[in-house]
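> Here it is, the structure in full.
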Amino acid sequence: MLYDLTLSIDMNDPVVGKANMDQHSFMSAGHIGTHLDTYLQSPIPPEFCVRQGKVYDATRFAGRDVDLSVLEGQPAEAGDFAIFHTGFLEKHRYGTREYFKDHPQLSWELIDHLIGAGVSFLGIDAAGVRRGDEHGVADRRAEEGGVYIIENLNNIGELARAAQDGDFRIFTGWTGLRGFSGLSCRVIADFGRYV
């Protein structure tokens with residue numbers, strides 16, 4: 001069974017219009033829809049295209065930072081694609097002020113732990129793992145540690161329900177546009193059993 005975790009954006013969406021009008025905005029630099037942040041432009045290892053997936057239920061952290069306790073019973077391991085289900089994209093339409101400004105965030109302790117564990121990707125169904133001025137700081141810190149953050153993942157509630165039945169792999173593809181700090185992604189979860 002395949003689950004598409006990519007947030008598709010219509011070319012007529014106001015977010016696209018804003019990106020086209022302001023050539024110096026984050027959106028015009030690729031930070032739109034499901035994307036991978038790479039402020040440092042470091043080369044992403046090709047083996048990251050296929051990772052073991054883990055999804056963490058962060059819905060209980062409403063109003064406070066998602067902390068290390070979210071990993072209880074399912075530790076993050078080297079190479080994992082760690083996905084955090086906050087439920088935020090299910091509640092707030094992408095592109096709204098609330099979506100970009102008031103989204104959940106991961107604690108610095110959790111972010112540093114995941115970097116130290118050597119996960120490959122850190123994904124979230126929100127606009128970032130930190131808000132405001134700390135958004136880019138978290139992205140850079142992760143990238144310096146060999147971890148890439150993928151934002152605006154879609155259908156994570158469905159993924160979380162499906163993940164109760166077993167392990168899954170994540171296939172991720174990204175654009176090769178040089179000079180962009182946000183690379184558009186296609187992210188697919190695969191629950192298939194192969195021989």
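The values are calculated or read from the model by the stated rules, or taken from the named source; none is laboratory data. Predicted, not measured: the structure shown is a model, and the values here were computed from it. With ideal geometry, Cβ positions are generated from the backbone for all residues, glycine too; neighbour counts draw on all protein chains shown.
> With the condition kept exactly as written, say whether any residue in region 117-127 is of a type in the set (A, V, I, L, M, F, W, C), more than 14 Å from residue 37 (Cβ to Cβ) and in contact with a strand residue (DSSP E or B) (Cβ under 9 Å, 6 or more places away or on another chain). Quick ask: steps written out before the conclusion?
As a first pass, look at region 117-127 and keep what is of a type in the set (A, V, I, L, M, F, W, C): 117, 119, 121-122, 124, 126-127.
Next cut, more than 14 Å from residue 37 (Cβ to Cβ) only: 117, 119.
Keeping just the survivors that are in contact with a strand residue (DSSP E or B) (Cβ under 9 Å, 6 or more places away or on another chain) gives 117, 119.
Scanning region 117-127, I find at least one residue that is of a type in the set (A, V, I, L, M, F, W, C), more than 14 Å from residue 37 (Cβ to Cβ) and in contact with a strand residue (DSSP E or B) (Cβ under 9 Å, 6 or more places away or on another chain), so the answer is yes.
> Would you check if residue 122 is in a strand (DSSP E or B), closer than 20 Å to residue 185 by Cβ and in contact (Cβ under 8 Å) with a residue 24 or more places away in the chain? Let's see the steps before the verdict.
Working: in a strand (DSSP E or B): yes; closer than 20 Å to residue 185 by Cβ: yes; in contact (Cβ under 8 Å) with a residue 24 or more places away in the chain: yes.
For residue 122, the condition - in a strand (DSSP E or B), closer than 20 Å to residue 185 by Cβ and in contact (Cβ under 8 Å) with a residue 24 or more places away in the chain - is met.
> Give the residues of region 103-126 that are closer than 14 Å to residue 152 by Cα and touching a Lys or Arg at 6+ places or on another chain (Cβ under 8 Å), sorted by residue number. Quick ask: steps written out before the conclusion?
Taking region 103-126 first, the residues closer than 14 Å to residue 152 by Cα are 103-105, 121-126.
Passing the criteria: 103, 105, 121.
> Does any residue of region 3-16 turn out to be at pLDDT 95 or above, surrounded by fewer than 16 Cβ atoms within 10 Å (Cβ to Cβ), of a type in the set (Asp, Glu) and under 15 Å from the mean Cα position of the chain (by Cα)?
yes
> Sort out which residues of region 83-99 are under 18 Å from residue 185 (Cβ atoms) and in contact with a helix residue (DSSP H, G or I) (Cβ under 6 Å, 6 or more places away or on another chain), and write them in order of number.
Within region 83-99, 85, 95 meet the criteria.
> So residue 111 passes all but one of these: (1) in contact (Cβ under 8 Å) with a residue 60 or more places away in the chain; (2) crowded, with 21+ Cβ neighbours inside 10 Å. Which condition number does it fail?
(1)
Condition check ((1) over 20 Å from residue 142 (Cα atoms); (2) assigned to a loop (DSSP other than H, G, I, E, B)) across all residues:
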| site | (1), (2) |
| --- | --- |
| 42 | no, yes |
| 70 | no, no |
| 73 | yes, yes |
| 77 | no, yes |
| 83 | no, no |
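> Being farther than 19 Å from residue 189 by Cα, in contact with a strand residue (DSSP E or B) (Cβ under 6 Å, 6 or more places away or on another chain) and of a type outside the set (A, V, I, L, M, F, W, C) is true for just one of 57, 102, 139, 67. Which residue is that?
When all the criteria are applied, what remains is 139.
> Could you run through region 44-57 and say how many residues are farther than 20 Å from residue 182 by Cα, in contact (Cβ under 8 Å) with a residue 60 or more places away in the chain and either among the hydroxyl-bearing types (Ser, Thr, Tyr) or not in a strand (DSSP E or B) (or both)?
Summing the residues that are farther than 20 Å from residue 182 by Cα, in contact (Cβ under 8 Å) with a residue 60 or more places away in the chain and either among the hydroxyl-bearing types (Ser, Thr, Tyr) or not in a strand (DSSP E or B) (or both) in region 44-57 gives 0.
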